[in-house]
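Participant: Please see the structure below; I have some questions.
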Amino acid sequence: MTDEELVVELALTRLDNPGVDLEEIAAMVVRRVGQDRMLQFASQNLAARDELRGSAFDAAVEYVLRTVLNLREDD
């Protein structure tokens with residue numbers, strides 16, 4: 001999944017759930033993409049933080065948030 005596809009997924013989830021905070025929207029996205037993608041997101045996030053261990057779900061949610069926020073900053 002590319003960063004752009006991730007942002008689209010997050011945007012569509014946000015449209016379906018107005019009034020929900022961004023972290024919960026990211027958690028919904030992680031639940032929707034499945035376990036394999038969650039593990040990919042988590043491993044990328046933990047590698048970026050130079051950590052060897054962490055909660056896979058929490059790390060995946062953080063990866064989604066970091067990706068979206070980093071893309072916002074680039075604009």
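Participant: Could you give the nm distance between label points at residue 43 and residue 72, where each point is 7 Å from its Cα heading toward the beta carbon?
Facilitator: 2.9
Participant: Ignoring ligands, DNA and RNA, what percent of the 1.4 Å accessible area of the chain is carbon and sulfur?
Facilitator: Here carbon and sulfur together make up 48 percent of the probe-accessible area.
Participant: Springs between alpha-carbon pairs under 10 angstrom, Gaussian network model over the chain: which of 52, 12, 22 fluctuates most?
Facilitator: For the chain, modelled as a Gaussian network with Cα springs under 10 Å, the answer is 52.
Participant: Can you find, among 35, 18, 59, the residue sitting farthest towards the positive end of the charge dipole of the chain, where Lys and Arg contribute +1 and Asp and Glu -1 at Cβ?
Facilitator: So the residue we want is 35.
Participant: When each pair of different Cα atoms in the chain is counted once in the 1/r mean, what is the Kirkwood radius in angstroms, to one decimal?
Facilitator: Every distinct Cα pair counted, the radius reaches 12.3 Å.
Participant: Among 31, 49, 14, whose mean-square fluctuation peaks in a Gaussian network model of the chain (Cα, cutoff 10 Å)?
Facilitator: 49
Participant: Only Cα pairs within less than 10 Å get springs; with that Gaussian network setup on the chain, which residue of 56, 26, 48 has the largest fluctuation?
Facilitator: Highest fluctuation among the options: 48.
Participant: Which GluC sites (Glu not before Pro) does the chain hold that lie in a coil by DSSP with at most 16 other beta carbons within 10 Å?
Facilitator: When the GluC sites (Glu not before Pro) of the chain are filtered for loop state and at most 16 Cβ neighbours within 10 Å, 51 remain.
Participant: A follow-up question, please. Could you work out the helix-only [θ] at 222 nm for the chain, with each DSSP H run of four or more residues adding -39,500 (n - 2.57) and the total divided by the number of residues, to the nearest 500 deg cm²/dmol?
Facilitator: One gets -25500 deg cm²/dmol as the mean residue ellipticity at 222 nm.
The values are calculated or read from the model by the stated rules, or taken from the named source; none is laboratory data. Quick caveat: nothing in here was measured; it's all calculated off a predicted structure. Ideal geometry is used to build each Cβ from the backbone, glycine not excepted, and the neighbour counts take in all protein chains shown. To get the accessible areas, we keep the full protein, side chains included, count just its heavy atoms, and leave off ligands, DNA and RNA. Shrake-Rupley method; radii C 1.70, N 1.55, O 1.52, S 1.80 Å.
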